[in-house]
Amino acid sequence: MKKTLREIAEFIDGDISGDADIVITGVSGIKEACEGDITFVANPRYFALIEKTRASAIIASRELLTTHKKPIVRTDNPSLAFAKIVSLIAPAEAAHIKGVHPTAVIGKSVTLGKDVAIGAYAVIEDKVSLGDNVTIYSGCFIGHSTKIGAEALIYPNVSIRENVIIGSRVIIHCGTVVGSDGFGFVSLKGLHHKIPQLGTVEIGDDVEIGANVSIDRARFNKTVIGSGTKIDNLVHIAHNVVIGENSIIVAQAGISGSTIIGKGVTIAGQAGLVGHITIGDGAILAAQAGVTKSVPANTMVSGYPAREHESAKRVNACVQNLPKLYETIKELKKKIEELEKKISQK
Amino acid sequence: MKKTLREIAEFIDGDISGDADIVITGVSGIKEACEGDITFVANPRYFALIEKTRASAIIASRELLTTHKKPIVRTDNPSLAFAKIVSLIAPAEAAHIKGVHPTAVIGKSVTLGKDVAIGAYAVIEDKVSLGDNVTIYSGCFIGHSTKIGAEALIYPNVSIRENVIIGSRVIIHCGTVVGSDGFGFVSLKGLHHKIPQLGTVEIGDDVEIGANVSIDRARFNKTVIGSGTKIDNLVHIAHNVVIGENSIIVAQAGISGSTIIGKGVTIAGQAGLVGHITIGDGAILAAQAGVTKSVPANTMVSGYPAREHESAKRVNACVQNLPKLYETIKELKKKIEELEKKISQK
Amino acid sequence: MKKTLREIAEFIDGDISGDADIVITGVSGIKEACEGDITFVANPRYFALIEKTRASAIIASRELLTTHKKPIVRTDNPSLAFAKIVSLIAPAEAAHIKGVHPTAVIGKSVTLGKDVAIGAYAVIEDKVSLGDNVTIYSGCFIGHSTKIGAEALIYPNVSIRENVIIGSRVIIHCGTVVGSDGFGFVSLKGLHHKIPQLGTVEIGDDVEIGANVSIDRARFNKTVIGSGTKIDNLVHIAHNVVIGENSIIVAQAGISGSTIIGKGVTIAGQAGLVGHITIGDGAILAAQAGVTKSVPANTMVSGYPAREHESAKRVNACVQNLPKLYETIKELKKKIEELEKKISQK
C-alpha cells in the first residue's frame, strides 16, 4: 500500500525533516532497504548507517540531532513506530488464508464468527466456538468445546485439545500443543498409575506462543497463561501452572507443575523451575537458571541452584579464582611451617 | 454415570462413615467440587478443606481420625482410589472419536482390530497392524509395517515412522515423533556423511509419551522403551537408547545415543546424559544434571558434571561459602605476616 | 538388491581376502546380521566379533591384520564404506512415497520438478517451487513462494512457512518448523508489542534437520543454515542466526537471536548461546554449556558461564576439592592460633 511520508508521520506521531510528499511503497531493515522503502534506526550506535542506506526515508529517535539529505521522521520510539508502519504499508494479513476450505472438517454445533478462515484439512470438533476473524491454518486440530477469541491466528499443524479457552488476538505458531494431559501418576510398588487430568488450559488475550511449545491441561481446574504474555519456541508448561500478565518466557524454558509466575516476569532461555513455587512480579530468571525455591518480586536469580544474581556473580568470581587461591594456601602453609620451625628453634 | 457412595466404596475397597446411599454424579478437585461431586484429600495438611468443600463426599486416607458432617470414604491410597473412580464416574473414553473417518487414508494389507477408531486425514501406510480398540486421532502418520497394540491412544498430529513396534495401552500425546532417523554421521575432511539408520523403535506396554517428544530409530537393531515407563513433554531419546521398565523421564530431558537406562529410574527435567553410559536400576538423576559417567543403581546424582547428590550438596555449600572463605584467608594472611614480624623482632 | 562381494569391494575401493564371488543380499550390524548380510567393524576393540557374527562378509579397517574364515573387505574408512553400501544394497528410496497423492492441495503457479512425490493431505501454497525428485510427506505445509531444491526429503507433519529457501538434498524430519516468526517485541510501560518479522530462512544444500526442531525467520533479511550443517532433534534457532557450513548442532541446543556460528563448529546437546555473539570456525561448545560471550576459532568451552574447557576443568577440580580445602584451612587456623600463643608466651 502506498502512503506519503506525511501520512506515515501523522500515523506514528512523528516530526518530518525533509520532503513530506515522497511516496513510500515498502518497509525494510536499514541494510536491506531499497528505493521506495522506509526504514528505521533506534540505536544511536547505528546513526552512521543513515548516510549509507538506500531507503527513501528513515525513522529515528529524537536523539538524532544531525541533518541529513534524506527525509527523517523523528519519534519517541522508532522500533514501535516502525512496527506500526509495517501493519500500515505491508499488512501481513494480506498473506493469510481466507474463507473456510472445503476440506476442513467442521463438527456439530460449531459456532463460527464473521470472516473466519480455516485451512485445508483442519479438523474442528463438535461445539467449538471461533470468534470473528479467527484464522486456523491447515492441519490444525481443535478439540471439542474449545473456544477461541476474535482475531486469533493459529498457524499450521497446531493441536489444541478439548475444552480449552483461548483469548482474542492470540497467535500460536506451528506445531504447538495446548491442552495435552499433565504428567501425573500415582506410584505404587514401582508401577505408575495415570492420574486423570480433568482440568483445562485458559489463555488470555494478546498472548503469543512460539513453535513446538507444549502446554499441559490441569489435573483439576486450569493451567493459566495471563493476557499479554509472550512464549518462545519449545517451552514446556506443566499442569496447573499459572502465569501472570505480560510475562516473557524465552525458548526451551520449562516450568514444572503448579508453579505460580507473577506479572511482568522474564524467564530466560533454558531456565528450569521446580513445581509448587512462586515467582514474584517483575522477577528475572537468568538463562539456564535452575530455580528450586520461590523468588521474591523484582529479584534476579541465576545459576544452579539459582541464587540472587549479584551474590551468584560474586560466588562465581570466587570460583574462577580458585586455582589461584589454592596457590595462596600452599604458600601460607609453607610460611606457617617456617614459622613453626623458627619458633621451635628459639 | 451415577453411582451410590456404597458402590464407589466397594469399587475402591474403602470404608464409609456417613450416608452410603447418596448418589455421586461427578468427580472434582476439593476446591472446585460442586454438589453431587466426590473429591479426595490425600495429604493430612489439607484435611481442613474437608469442612469447606462443596463436594457431597470425600475420599481420605486412613490417617483422618476426626468425624465430619459429610460422608467420608477412608482408603489406603486416596490418590489411586480417586483415579479409579474417575474412570468409573466420568469415563474419558466417552469423549474419544469412534469409527474410521471416511477421509482416513488406509494403505494396502493393513490389519485393523475390533473397534479401531481413526480420525479425519490420518494416514496409515501399507502393512500397518492396529490392535483392538486402538484410537488414532486426525493428522497422524503411521509408517508402513508399524504395529500398534490393543487400546493404544494416539493423539492428533503424531508421526510414527515405518517398522516401529508399539505395545498395548500406550498413550502418545500430540506432535510427538517416533522413529525419526538417529543423528549419525561419518565425518571426513570436514564433511559429514549420513550413516543410514536401519533399525527401529520398540515401545513396551502401558508406556505414556508426552507432547512434542522425539524418539529416534536405531542405527541397527532397536531403540527400546520398557513397559510402564512414562515420558513427559519435549524429551529427546537418541538412537539405540534402551530404557528399562517403569522409569520416569521428566520434561525436556535428553538421552544421547546407546545409553542404557535401568528399571525404575527417575530422570528429572532438563537433565542431559552423554552417550554410551549405563544408569543402574532405581537411580535418580536430578533436574538439569549433566550426566557424563555411568551411575550405579539406587544412586542419586546432581549438578554438572553430575556427582553423587549428598557430596554435590556438600561441595555446593562450600561454593556458596567461598566469599566468606576468601575473607578468612585474608585474615590468616595478615596474622601470618604479623607473626613473621614478631618473630623477626625477637 | 543382490551384489557380489567383488562388486561391493570395487564400489568402496576395498581389498578382498576370501571368496569374492559370494552374493550379498542385505546389510546389517555385526550383532544382528544374518546369512547373506554384509556387516562392518570400524573399531579394533570389536575385531573379536568377526568370528561370532552370522554375516557372510565383513568390512574392516586396514588395521585388521589377522586372517579369518569369512571373506573380509579391508578399506580406509569402514563406517563410510558401509554407509555407501547401504544405499547400493538396501536403497531407502525404495520405501519412500511416489507421485503426487490426489488429496494433496497444490496452489496456483506452483512449479513441480521431475518425479516430485507429495503425500496425502499435504498443502502446497501458491508460487511454491519444488525441484526434481523432491519428496514431501503427508501432513506437511509449504507456505507460499517457498523454494525447495532437488532431492530434498521432507518427512510427515513438517511446517515450512512462506518465502523460505531450502537447498538440494536437504532432509527435514517429522514435526519440524521452519520460518516461524522470530521472538521480537518492543516493551513499553510493561506491554510487549510485536515486531513484525519480515525476513526469511535460507537453508543450504545437504543440510539435515531432526524432529521437532524450530528455526525462526529473520526480522529483516534472513536466518541462515550453511550447506552441510547437521541439526539434531528439538534444537531452537532464533531469528537472524547465521550458521556456517558443515557445523553440528546436537539435540536440544538453543541459539539466541543474531548469533553468528562459524564453519565446522560443534554445539553439543542442551548447550545454550546468548544472542549477538560470534562462534569462530571449528569451535566446540560442550554439552549444557551456557555461552555468554563470543568464542574464538578452534576453542573448546564448557560450563556456565562457559569458559575455555581446560581451564574450566581445572577450576572444576578445585571446586570438587573444596570440602578438603575447608579442612586444610581449619588446620592452618589452629596452627596460627598455636603459634600466636607460643609467641606471646615467649
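The values are calculated or read from the model by the stated rules, or taken from the named source; none is laboratory data. This is a predicted model, so every value here is computed, not measured. All Cβ positions, even for glycine, are placed from backbone atoms using ideal geometry, and neighbour counts span all protein chains on display.
Please pick out the residue among C:Val170, C:Val134 that is over 18 Å from C:Val105 (Cα atoms) and either buried (at least 20 other Cβ atoms within 10 Å of the Cβ) or at the interface with chain A (Cβ under 9 Å from one of its Cβ atoms) (or both). Talk me through it step by step, then tell me what you get.
Numbers: C:Val134 fails: over 18 Å from C:Val105 (Cα atoms).
Within the list C:Val170, C:Val134, the selection yields C:Val170.
Tell me, yes or no, whether the stretch C:198-221 has at least one residue that is in a strand (DSSP E or B), among the acidic types (Asp, Glu), at the interface with another protein chain (Cβ under 9 Å from one of its Cβ atoms) and closer than 18 Å to A:Gly210 by Cα. Yes.
Look at (1) within 12 Å of chain A (Cβ to nearest Cβ); (2) modelled with pLDDT of 95 or more and you find that C:Ser227 fails only one, number (1). The residue of the stretch A:265-282 that is nearest to the other protein chains (Cβ to nearest Cβ), among those that are crowded, with 24+ Cβ neighbours inside 10 Å and closer than 22 Å to A:Gly228 by Cβ, is A:Gly269. Of the listed requirements (1) among the charged types (D, E, K, R); (2) away from chain A (no Cβ under 12 Å); (3) under 26 Å from A:Val213 (Cβ atoms), C:Glu245 misses just one: (3).
Let me confirm something: among B:Gly99, B:Gly29, which residue is without any contact (Cβ under 8 Å) to a residue 60 or more places away in the chain, of a type outside the set (S, T, N, Q) and more than 12 Å from chain A (Cβ to nearest Cβ)? Please lay out each step first, then the result.
Working: B:Gly29 fails: more than 12 Å from chain A (Cβ to nearest Cβ).
Step by step, each of B:Gly99, B:Gly29 is checked, and only B:Gly99 is without any contact (Cβ under 8 Å) to a residue 60 or more places away in the chain, of a type outside the set (S, T, N, Q) and more than 12 Å from chain A (Cβ to nearest Cβ).
Is it true that some residue in the stretch C:241-253 is in a loop (DSSP other than H, G, I, E, B) and either over 22 Å from B:Val186 (Cα atoms) or free of Cβ contacts under 8 Å to residues at least 12 places away in the same chain (or both)? Within the stretch C:241-253 (the criterion being in a loop (DSSP other than H, G, I, E, B) and either over 22 Å from B:Val186 (Cα atoms) or free of Cβ contacts under 8 Å to residues at least 12 places away in the same chain (or both)), the answer is yes, since at least one residue qualifies. If the condition is being among the charged types (D, E, K, R) and surrounded by fewer than 13 Cβ atoms within 10 Å (Cβ to Cβ), then the stretch B:1-27 contributes B:Lys2, B:Asp13, B:Asp15, B:Asp21. Within the stretch B:221-238, is there a residue that is among the hydrophobic types (A, V, I, L, M, F, W, C), surrounded by fewer than 24 Cβ atoms within 10 Å (Cβ to Cβ) and in contact with an Asp or Glu (Cβ under 8 Å, 6 or more places away or on another chain)? Yes, that holds for at least one residue. Which numbered condition in (1) crowded, with 24+ Cβ neighbours inside 10 Å; (2) within 9 Å of chain C (Cβ to nearest Cβ); (3) under 22 Å from B:Val116 (Cα atoms) is the only one that B:Glu162 fails? The one condition B:Glu162 does not meet is (1).
Could you list, in sequence order, all residues of the stretch C:232-257 that are β-branched (Val, Ile, Thr) and over 15 Å from B:Gly275 (Cβ atoms)? Please lay out each step first, then the result.
Applying the first criterion (β-branched (Val, Ile, Thr)) to the stretch C:232-257 yields C:235, C:237, C:241-243, C:248-250, C:255.
Result: C:Val235, C:Ile237, C:Val241, C:Val242, C:Ile243, C:Ile249, C:Ile255.
Counting only residues that are among the acidic types (Asp, Glu) and more than 21 Å from C:Phe185 (Cα to Cα), how many does the stretch A:200-228 have? Before the answer, list the steps.
Filtering the stretch A:200-228 down to residues among the acidic types (Asp, Glu) leaves A:202, A:205-206, A:208, A:216.
In the following step, the residues that additionally are more than 21 Å from C:Phe185 (Cα to Cα) were identified as A:202, A:216.
Total meeting the criteria: 2.
Here is a yes/no grid of residues against (1) within 25 Å of the chain's Cα centre (by Cα); (2) of a type in the set (Asp, Glu); (3) at the interface with another protein chain (Cβ under 10 Å from one of its Cβ atoms); (4) within 23 Å of A:Ala120 (Cβ to Cβ):
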site	(1), (2), (3), (4)
B:Gly119	no, no, yes, yes
B:Glu125	no, yes, yes, yes
B:Ser138	yes, no, yes, yes
B:His144	no, no, yes, no
B:Ala152	yes, no, no, no
B:Asn157	yes, no, yes, yes
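For the stretch B:172-213, what are the residues that are in contact (Cβ under 8 Å) with a residue 60 or more places away in the chain and touching a helix residue (DSSP H, G or I) at 6+ places or on another chain (Cβ under 6 Å)?
Step one: list which residues in the stretch B:172-213 are in contact (Cβ under 8 Å) with a residue 60 or more places away in the chain, which gives B:173, B:182-184.
Across the stretch B:172-213, there are no qualifying residues.
Of all the numbered requirements in (1) small (Gly, Ala, Ser); (2) touching a Gly at 6+ places or on another chain (Cβ under 9 Å); (3) outside any strand (DSSP E or B), B:Gly179 misses one, and that requirement is (3).
Of all residues in the stretch C:303-346, those satisfying the criterion of being at the interface with another protein chain (Cβ under 9 Å from one of its Cβ atoms), surrounded by 14 or more Cβ atoms within 10 Å (Cβ to Cβ) and not in a helix (DSSP H, G or I) are C:Gly303, C:Tyr304, C:Pro305, C:Arg307, C:Asn321.
Taking (1) touching a Gly at 6+ places or on another chain (Cβ under 7 Å); (2) within 8 Å of chain C (Cβ to nearest Cβ); (3) under 24 Å from B:Ala317 (Cβ atoms) in turn, A:Ala287 satisfies each apart from (3). Per this entry, C:Ile59 is not counted among residues that are away from chain B (no Cβ under 11 Å) and in contact with a His (Cβ under 6 Å, 6 or more places away or on another chain).
In this structure, is C:Asn157 at pLDDT 95 or above, surrounded by 24 or more Cβ atoms within 10 Å (Cβ to Cβ), of a type in the set (S, T, N, Q) and assigned by TED's automatic domain parsing to the domain that holds C:Val177? If you could, list the steps in order and put the result at the bottom.
Details: at pLDDT 95 or above: yes; surrounded by 24 or more Cβ atoms within 10 Å (Cβ to Cβ): yes; of a type in the set (S, T, N, Q): yes; assigned by TED's automatic domain parsing to the domain that holds C:Val177: yes.
Yes.
Residue count for the stretch C:230-240 under the criterion of being touching a residue at least 40 places away in the same chain (Cβ under 8 Å) and either in contact with a Lys or Arg (Cβ under 7 Å, 6 or more places away or on another chain) or more than 13 Å from chain B (Cβ to nearest Cβ) (or both): the result is 3.
Only a single criterion out of (1) free of Cβ contacts under 8 Å to residues at least 40 places away in the same chain; (2) farther than 28 Å from A:Ile237 by Cα is not satisfied by B:Leu273, namely (2). Of the set (1) more than 30 Å from A:Ile24 (Cβ to Cβ); (2) outside the structural domain of A:Ala150 (by TED's automatic domain parsing); (3) of a type in the set (A, V, I, L, M, F, W, C), all apply to A:Leu112 but (2).
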